[in-house]
Structure formats: structure tokens, C-alpha cells
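Scroll down for the structure; my scribbles are underneath it.
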Amino acid sequence: MRKADDAESGFSSSAQLPAPKTLIEIMLKGKRVAFFCQENPEEGHIAVHAISDEGERGIHNPWRATFTPGSHDISIEATSSSSKASEDAAVVGLIFIEKFLCIINQPGLVERRTRDTDKRILREAKARDYDPAPPKWHECHIRPGVHGPESESGGNNREHQLHYVRKHRKPSLGPDRWIDGYWRGNADLGIHFKNYVVHAPQQV
């Protein structure tokens with residue numbers, strides 16, 4: 001997808017963040033790379049700050065840039081050097097982010113899996129006298145090419161734990177209407193935490 005596209009073709013209006021501040025992490029050529037993304041509602045763009053793990057050399061901040069969904073607008077704010085290669089790397093990074101967000105915002109792609117909270121986190125929360133960490137959390141697996149609405153609960157209207165609803169498209173309100181992310185549910189029943197993992201499509 002990345003190689004078939006470039007910034008000149010514009011950024012999709014579907015490249016919306018699921019939350020105002022979102023961290024996307026990938027493995028790229030054996031290195032962990034994180035993209036800290038943040039909405040700027042006043043300007044209408046998304047700022048992306050790249051962070052890479054350089055092993056023994058520590059953390060590296062190769063670039064910061066912005067793009068605007070549904071437009072050609074792009075701005076390279078800073079790179080680790082002023083070379084053309086560094087600026088090209090920032091553009092490629094923004095295209096990566098656009099594709100990831102388009103995948104995340106496809107309906108019916110998410111499979112939720114319950115995970116146990118790491119015992120080290122539970123111990124650390126207790127040692128620091130924090131509120132008890134929830135014993136379970138949810139990991140959301142995104143599988144490109146697997147579409148379809150979630151199964152209905154058959155009229156079960158029980159209350160749900162407090163959880164964050166990511167920003168999503170609402171076609172019933174208009175062709176390009178987006179609903180901002182928000183918290184929903186009953187905190188007295190606990191809190192659901194979510195993580196998103198993108199899987200490559202299966203080869204047929």
C-alpha cells in the first residue's frame with residue numbers, strides 16, 4: 001500500500017485518529033518505531049512525532065511532521081538532519097500512518113481478545129499505592145479483509161465497564177460524518193483497556 005501511493009495523491013479523509021492522542025508502534029527492519037499522533041482540532045491537522053529505538057544508543061527522534069486528512073496538506077516540522085533523505089523518510093512515515101488509520105477505521109475489522117494484566121504491573125500499582133490495576137484488559141486485533149458487523153447481543157441491555165470508544169465514522173448521520181472519541185460505561189464495574197494490533201492479510 002505504501003509503495004503504491006505518495007503524498008501528492010492526498011491523504012484520505014478516513015485517516016482519523018481513534019483518540020485525540022494515539023500511539024502507533026511497529027517493527028521496522030528489526031527496530032521498534034513508535035509514532036505519537038495528536039489531533040489539532042483548531043488547525044484540522046494531525047501531528048506525528050516519530051520515535052525509534054536505537055538499541056544501546058538509546059532513543060532517537062528522527063522527525064516530526066503534520067498532515068491533514070482529506071487534503072494534500074503536509075508539513076515537515078523537524079528532522080534529525082536537513083538532508084533530502086530525512087525529509088523523504090518523514091513523508092513515507094506519514095503515508096504509513098495514513099494507511100494504518102484507514103485500516104483501523106474500517107468497520108468490522110476488530111477482533112477483541114481478553115488478556116490478563118501483567119503481574120508486575122499489579123505489584124507496582126500496589127507498591128505505589130495506586131488504585132488497583134484491572135486484572136483484565138482487551139487487545140483489539142485488526143485483520144484486513146475480514147469485514148462484517150459485530151454479532152448482536154440478542155437484546156441484552158446489561159451495563160458495560162467503562163471503556164473508550166474510538167473516533168469512528170457514522171454514515172447514518174452523513175456521508176463523511178465522524179464521531180469524536182469518548183468514554184462510555186460504568187466505572188463501578190471496572191475499566192476496559194484496549195490495544196490495537198494490525199495483522200497482514202493471509203496469503204491464499
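Below is a table of values for the structure above.
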| item | result |
| --- | --- |
| For Tyr196, distant residues with modelled amide H under 5 Å away | Cys140 |
| Separation of the Lys136 and Glu54 label points, Cα + 7 Å toward Cβ, nm | 4.3 nm |
| Extension gain, Ser75 back to Val198 (0.36 nm per residue minus Cα-Cα distance, nm) | 41.6 nm |
| Normalised convex hull volume, segment 22-71, alpha-carbon set, Å³ per residue | 83 Å³ |
| Among the listed pairs Lys31/Lys119; Lys99/Lys167; Lys99/Lys136; Lys29/Lys119; Lys29/Lys136; Lys31/Lys126, those beyond 23 Å (Cα-Cα) | Lys31/Lys119; Lys99/Lys136; Lys29/Lys119; Lys29/Lys136; Lys31/Lys126 |
| Cα gyration tensor shape of segment 65-133, rounded if a/c is under 1.5, else prolate or oblate by comparing a/b with b/c | oblate |
| Packing-based order for 23-29, 165-171, using average beta carbon neighbours within 10 Å, highest first | 165-171, 23-29 |
| Phi-based couplings in Hz for segment 86-93 (Karplus 6.51, -1.76, 1.60; Gly and Pro marked x) | 5, 5, 5, 5, 5, 5, 4, x |
| Shape of segment 7-104, Cα gyration tensor, a/c cut at 1.5 | prolate |
| Karplus-derived HN-Hα couplings along segment 27-37 (A = 6.51, B = -1.76, C = 1.60, θ = phi - 60°), whole Hz, x at Gly and Pro | 9, 10, 6, x, 10, 7, 10, 10, 10, 8, 10 |
| Residues whose placed amide H lies under 5 Å from that of Asn105, excluding near-sequence neighbours | none |
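Read the figures in this text as sums done on the coordinates, not as results from a lab. Bear in mind that the values here come from a model prediction, so they are computed numbers and not experimental data. Reconstructed Cβ throughout: ideal geometry from the backbone, glycine too, with neighbour counts over all protein chains shown.
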